[in-house]
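Enquirer: First the structure, which I've put down as structure tokens, then a few questions once you've had a look.
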Amino acid sequence: MQGLRVLRYYGGRGLRLTRGFMQYVWDDRGRRYLDAHTGHGVAFLGHANPLVVERVKRQLEELPVCSMSFDCDARDEAVRALSRIAPSRLDTVAFANTGTEAVEAALKMAWAATGRSGVVAFKGSFHGRTLGALSVTWNPRYRRGFPVLDVTFLDFNGDPGEVEGALRRLEGSLAAVIVEPVQGEGGVNPATREFLRAVEDAAREAGAVLIVDEVQTGMGRTGRVWAHEHYGVEPDVVTAGKALGGGVVPVSAVLARGDVASSLEGGRHGSTFAGNPVAMAAVAGAVEALTRDDAPGKAAEAGARLLSGLRSRLEGSRLVREVRGLGLMVGVDLRRDPGPVLRCMQERGVLALKAGVSVVRLLPPYMVTPSDVEAMVDVVAGCLGA
Ligand code: PMP
């Protein structure tokens, strides 16, 4: 039988993975790789983290299906766990399955809660591929040919005065402002404190819901549980995904202020798989792994070592424009296409991924050791001839 052809969303890397454990994966020839790709940042808590795997295994045998119309212990436990790490003003959680769905739910909350339709997002943003999330995603290559919503894009890290002016002009029609604290897909761009604070103030002033998209930055990756904690801002809504399921199950969530979230109750939103017990067991395991091992603290430490190692090794390299990042979300911005560098790194045993058009992005798991960090620095530098 002729099998189906799989529609490939991304270019193939010519590698067949057969096994993963914590910061490493192995290919079909038994070769080990240090994984700074982690499935687009999903396995921040490691591959097959035993704390997550054990809970998921148990749940699979006990009760794998339980609609949101029914209660179950796995969901209660996930909610208890998330309550321990949720930003303090956000007292409600809505579950979904992927990052883009969390963004859709967040936008719908803002529209329903304000009764307005305007949305502000930022140049360089990435929020997902379904139509609402795609509408607030900047990259014209992703948007072209699709009937996206009308969204106002402002400069990321732009002048605070301009942000305030633009939001003031939209006052009365603005439902939401959505922002990533560190743009991931857009090129690993950390927001400046001044910018993010101005966004928060202007959103509040305009009566808009401030949505901070932490699908990539959340769950400890940047050195705090939530990246917005670095900035002292207080979002109305936070989206989480990727590492939320401990790298084992696709699951996402929206943490929100009760008055904003409750606008979606009573049949205004829904999802068959949202809050399913297997995903909930993974969430509880992920929060346990995160807190028990101080994953954010370890990410802060390893991230600082990685950033300074790369900076000192690549200083003066004509191929490198900038090395930047926050915690274990690190980008090396090149003056050339990162494709050949990523291939070279793969050949030398380190997996990473591209961001923007010119950035080699490193998203390793929190448990990378000092010698893993040294290996990453060596391989990046070696592949850049530095
Ligand atoms: N928001 C951000 C900030 C992301 O980085 C991503 C994925 N890269 C998404 C949303 C979409 O997540 P998913 O691919 O799970 O739909």
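The values are calculated or read from the model by the stated rules, or taken from the named source; none is laboratory data. Model, not experiment: these values are computed from the prediction. Here the Cβ is made from the backbone with ideal geometry for all residues, glycine too, and neighbour counts use every protein chain on show.
Enquirer: If the requirement is being of a type in the set (Asp, Glu) and out of contact with any Asp or Glu (no Cβ under 7 Å at 6 or more places or on another chain), which of these qualifies: 333, 293?
Expert: Values: 333 fails: out of contact with any Asp or Glu (no Cβ under 7 Å at 6 or more places or on another chain).
Just one listed residue meets the conditions, 293.
Enquirer: Okay, moving on. Looking at segment 335-355, can you tell me whether even one residue there is over 18 Å from the mean Cα position of the chain (by Cα), surrounded by 23 or more Cβ atoms within 10 Å (Cβ to Cβ) and part of a helix (DSSP H, G or I)?
Expert: Within segment 335-355 (the criterion being over 18 Å from the mean Cα position of the chain (by Cα), surrounded by 23 or more Cβ atoms within 10 Å (Cβ to Cβ) and part of a helix (DSSP H, G or I)), the answer is yes, since at least one residue qualifies.
Enquirer: Of all residues in segment 317-335, which are touching a Leu at 6+ places or on another chain (Cβ under 6 Å) and without any contact (Cβ under 8 Å) to a residue 24 or more places away in the chain?
Expert: Selection gives 323, 335.
Quick grid of which residues meet (1) within 16 Å of the ligand (Cβ to nearest atom); (2) farther than 30 Å from residue 74 by Cα:
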residue	(1), (2)
13	no, yes
18	no, no
25	no, no
43	yes, no
46	no, no
49	no, no
56	no, no
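Enquirer: Continuing with the same structure: Within segment 129-148, how many residues turn out to be more than 12 Å from the ligand (Cβ to nearest atom) and in a helix (DSSP H, G or I)? Don't jump to the end; show me each part of the working.
Expert: Going residue by residue through segment 129-148, those that are more than 12 Å from the ligand (Cβ to nearest atom) are 131, 135, 140-141, 143-148.
If we keep only those that are in a helix (DSSP H, G or I) as well, we get 131, 135, 140-141, 143.
Matching residues across segment 129-148 total 5.
Enquirer: Follow-up question, since we're still on this one. Give segment 217-256 a look and list any residue that's more than 20 Å from residue 279 (Cα to Cα), out of contact with any Leu (no Cβ under 6 Å at 6 or more places or on another chain) and more than 11 Å from the ligand (Cβ to nearest atom), or say none.
Expert: The answer is 223, 224, 226, 228, 229, 230, 232, 234, 237.
Enquirer: Sticking with this one: Taking only segment 85-102 into account, find how many residues are of a type in the set (A, V, I, L, M) and part of a helix (DSSP H, G or I).
Expert: Looking only at segment 85-102, we keep the residues that are of a type in the set (A, V, I, L, M), and these are 85-86, 90, 93-94, 96, 102.
Those left that are additionally part of a helix (DSSP H, G or I): 85, 102.
Of the residues in that region, 2 qualify.
Conditions (1) away from the ligand (no atom under 16 Å from the Cβ); (2) outside any loop (DSSP other than H, G, I, E, B); (3) over 23 Å from residue 273 (Cα atoms), marked per residue:
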{"site": "74", "(1), (2), (3)": "yes, yes, no"}
{"site": "83", "(1), (2), (3)": "yes, yes, no"}
{"site": "104", "(1), (2), (3)": "no, yes, no"}
{"site": "158", "(1), (2), (3)": "yes, no, yes"}
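Enquirer: Continuing with this model, one more query. Give the residue, chosen from 182, 249, 238, that is in contact with an Asp or Glu (Cβ under 9 Å, 6 or more places away or on another chain) and on the phi < 0 side of the Ramachandran plot.
Expert: Details: 182 fails: in contact with an Asp or Glu (Cβ under 9 Å, 6 or more places away or on another chain); 249 fails: in contact with an Asp or Glu (Cβ under 9 Å, 6 or more places away or on another chain).
On inspection, the qualifying residue turns out to be 238.
Enquirer: Okay, moving on. Can you work out which of the residues in segment 191-216 that are more than 21 Å from residue 252 (Cβ to Cβ) and within 15 Å of the ligand (Cβ to nearest atom) is surrounded by the fewest Cβ atoms within 10 Å (Cβ to Cβ)?
Expert: My answer is 191.
Enquirer: Taking segment 86-102, which residues are of a type in the set (Ser, Thr, Tyr) and either free of Cβ contacts under 8 Å to residues at least 24 places away in the same chain or more than 15 Å from the ligand (Cβ to nearest atom) (or both)?
Expert: Here is the first cut: in segment 86-102, the ones of a type in the set (Ser, Thr, Tyr) are 88, 92, 98, 100.
Within segment 86-102, 88, 92 qualify.
Enquirer: From the set of residues in segment 126-147 that are more than 22 Å from the chain's Cα centre (by Cα) and of a type outside the set (D, E, K, R), which is nearest to residue 204 (Cα to Cα)?
Expert: Quick first cut of segment 126-147, residues more than 22 Å from the chain's Cα centre (by Cα) only: 144-147.
From what is left, the residues that are of a type outside the set (D, E, K, R) are 145-147.
Values: 145: 34, 146: 31, 147: 29 Å.
For segment 126-147, the residue satisfying everything is 147.
Enquirer: Which residue out of 163, 188, 120 is surrounded by 19 or more Cβ atoms within 10 Å (Cβ to Cβ), over 25 Å from residue 357 (Cα atoms) and in contact (Cβ under 8 Å) with a residue 24 or more places away in the chain? Lay out the reasoning, then the answer.
Expert: Numbers: 188 fails: over 25 Å from residue 357 (Cα atoms); 120 fails: over 25 Å from residue 357 (Cα atoms).
The match here is 163.
Enquirer: Is segment 56-72 home to any residue that is assigned to a strand (DSSP E or B) and in the same structural domain as residue 262 (by TED's automatic domain parsing)?
Expert: First, the residues of segment 56-72 that are assigned to a strand (DSSP E or B): none.
Checking segment 56-72: not a single residue is assigned to a strand (DSSP E or B) and in the same structural domain as residue 262 (by TED's automatic domain parsing).
Enquirer: Give me the pairs: first residue in segment 17-39 and touching a residue at least 40 places away in the same chain (Cβ under 8 Å) and assigned by TED's automatic domain parsing to the domain that holds residue 372, second residue assigned to a strand (DSSP E or B) and of a type in the set (S, T, N, Q), beta-carbon distance under 9 Å, and six or more apart or on different chains, which are they?
Expert: Matching pairs, first to second residue: 25/18.
Enquirer: Determine which member of the set 334, 326 is closer than 30 Å to residue 81 by Cβ and aliphatic (A, V, I, L, M).
Expert: Numbers: 334 fails: closer than 30 Å to residue 81 by Cβ.
So the residue among 334, 326 that is closer than 30 Å to residue 81 by Cβ and aliphatic (A, V, I, L, M) is 326.
Enquirer: Tell me yes or no: at least one residue of segment 109-118 is within 7 Å of the ligand (Cβ to nearest atom), assigned by TED's automatic domain parsing to the domain that holds residue 270, in contact with a strand residue (DSSP E or B) (Cβ under 9 Å, 6 or more places away or on another chain) and not basic (Lys, Arg). Spell out how you get there, then give the answer.
Expert: From segment 109-118, those within 7 Å of the ligand (Cβ to nearest atom) are none; that's our starting set.
No, that holds for no residue.
Enquirer: If you don't mind, another one. Could you tell me which of the residues 288, 301, 347, 315 is modelled with pLDDT of 95 or more, in the same structural domain as residue 123 (by TED's automatic domain parsing) and of a type in the set (D, E, K, R)? Can you show your working first?
Expert: On the way: 301 fails: in the same structural domain as residue 123 (by TED's automatic domain parsing); 347 fails: in the same structural domain as residue 123 (by TED's automatic domain parsing); 315 fails: in the same structural domain as residue 123 (by TED's automatic domain parsing).
Result: 288 is the single residue among 288, 301, 347, 315 that is modelled with pLDDT of 95 or more, in the same structural domain as residue 123 (by TED's automatic domain parsing) and of a type in the set (D, E, K, R).
Enquirer: If a residue must be out of contact with any strand residue (DSSP E or B) (no Cβ under 8 Å at 6 or more places or on another chain) and either of a type in the set (D, E, K, R) or surrounded by fewer than 23 Cβ atoms within 10 Å (Cβ to Cβ) (or both), how many such residues does segment 297-315 contain?
Expert: Going through segment 297-315, the residues out of contact with any strand residue (DSSP E or B) (no Cβ under 8 Å at 6 or more places or on another chain) turn out to be 297-302, 304-305, 308-309, 312-313, 315.
If we keep only those that are either of a type in the set (D, E, K, R) or surrounded by fewer than 23 Cβ atoms within 10 Å (Cβ to Cβ) (or both) too, we end up with 297-298, 300-301, 304-305, 308-309, 312-313, 315.
Residues flagged as out of contact with any strand residue (DSSP E or B) (no Cβ under 8 Å at 6 or more places or on another chain) and either of a type in the set (D, E, K, R) or surrounded by fewer than 23 Cβ atoms within 10 Å (Cβ to Cβ) (or both) within segment 297-315 amount to 11.
Enquirer: Of the conditions (1) within 16 Å of the ligand (Cβ to nearest atom); (2) over 30 Å from residue 341 (Cβ atoms), residue 327 satisfies every one except a single condition; which number is it?
Expert: It is condition (2) that residue 327 fails.
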